[in-house]
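J.: Below is the structure I would like to discuss, written out as structure tokens.
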Amino acid sequence: MRESVRRVVAVIENLPDEEQDAVSERIMSELADDMEWEARFNATTDEQWDKLEDLARREIAAGDTVPFEGNVL
């Protein structure tokens, strides 16, 4: 186990049981969400990427976008 994980576990172990459960649920939810997105990303076909690229190019050409630089999200 990496040292960073050990430090996090040590902090969590010192929390009351209910807080440990809440933190664990949040972490598991985040991990599940990350795995789902990764699976969807990896399952994207070249045809789907091509369609997305075409859509983005059409939106840029139509002026339906704003430059990323200098914008605060």
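The values are calculated or read from the model by the stated rules, or taken from the named source; none is laboratory data. A quick note: this is a predicted structure, and the numbers were derived from the prediction, not measured. All Cβ positions, even for glycine, are placed from backbone atoms using ideal geometry, and neighbour counts span all protein chains on display.
J.: Within the range 27-73, how many residues are under 30 Å from Val8 (Cβ atoms), among the charged types (D, E, K, R) and surrounded by 10 or more Cβ atoms within 10 Å (Cβ to Cβ)?
T.: Qualifying residue count for the region: 5.
J.: From the list Glu13, Glu3, exactly one residue is surrounded by fewer than 10 Cβ atoms within 10 Å (Cβ to Cβ) and in contact with a helix residue (DSSP H, G or I) (Cβ under 8 Å, 6 or more places away or on another chain). Which is it? So that I can check it myself, show each step before the final result.
T.: Details: Glu3 fails: in contact with a helix residue (DSSP H, G or I) (Cβ under 8 Å, 6 or more places away or on another chain).
After ruling out the rest, the residue left standing is Glu13.
J.: Taking the range 17-73 as the search range and keeping residues that are among the charged types (D, E, K, R) and part of a loop (DSSP other than H, G, I, E, B), which one is modelled with the lowest pLDDT?
T.: Residues of the range 17-73 among the charged types (D, E, K, R): 17-19, 21, 25-26, 30, 33-34, 36, 38, 40, 46-47, 50-51, 53-54, 57-59, 64, 69.
Then keep just the ones that are part of a loop (DSSP other than H, G, I, E, B); that gives 64, 69.
Working: Asp64: 88, Glu69: 77.
In this case the residue turns out to be Glu69.
J.: Continuing with the same structure: If you go through the range 49-67 one residue at a time, do you hit one that is touching a helix residue (DSSP H, G or I) at 6+ places or on another chain (Cβ under 9 Å) and on the phi < 0 side of the Ramachandran plot?
T.: The first filter runs over the range 49-67 and keeps only residues touching a helix residue (DSSP H, G or I) at 6+ places or on another chain (Cβ under 9 Å), leaving 64-65.
Next, from what is left, pick out any that are on the phi < 0 side of the Ramachandran plot: 64-65.
There is at least one residue in the range 49-67 that is touching a helix residue (DSSP H, G or I) at 6+ places or on another chain (Cβ under 9 Å) and on the phi < 0 side of the Ramachandran plot.
J.: Given the condition free of Cβ contacts under 8 Å to residues at least 40 places away in the same chain and not in a helix (DSSP H, G or I), answer yes or no: does some residue in the range 6-14 qualify? Steps first, answer last, please.
T.: Of all residues in the range 6-14, those free of Cβ contacts under 8 Å to residues at least 40 places away in the same chain come to 6-14.
Those left that are additionally not in a helix (DSSP H, G or I): 14.
Checking the range 6-14: at least one residue is free of Cβ contacts under 8 Å to residues at least 40 places away in the same chain and not in a helix (DSSP H, G or I).
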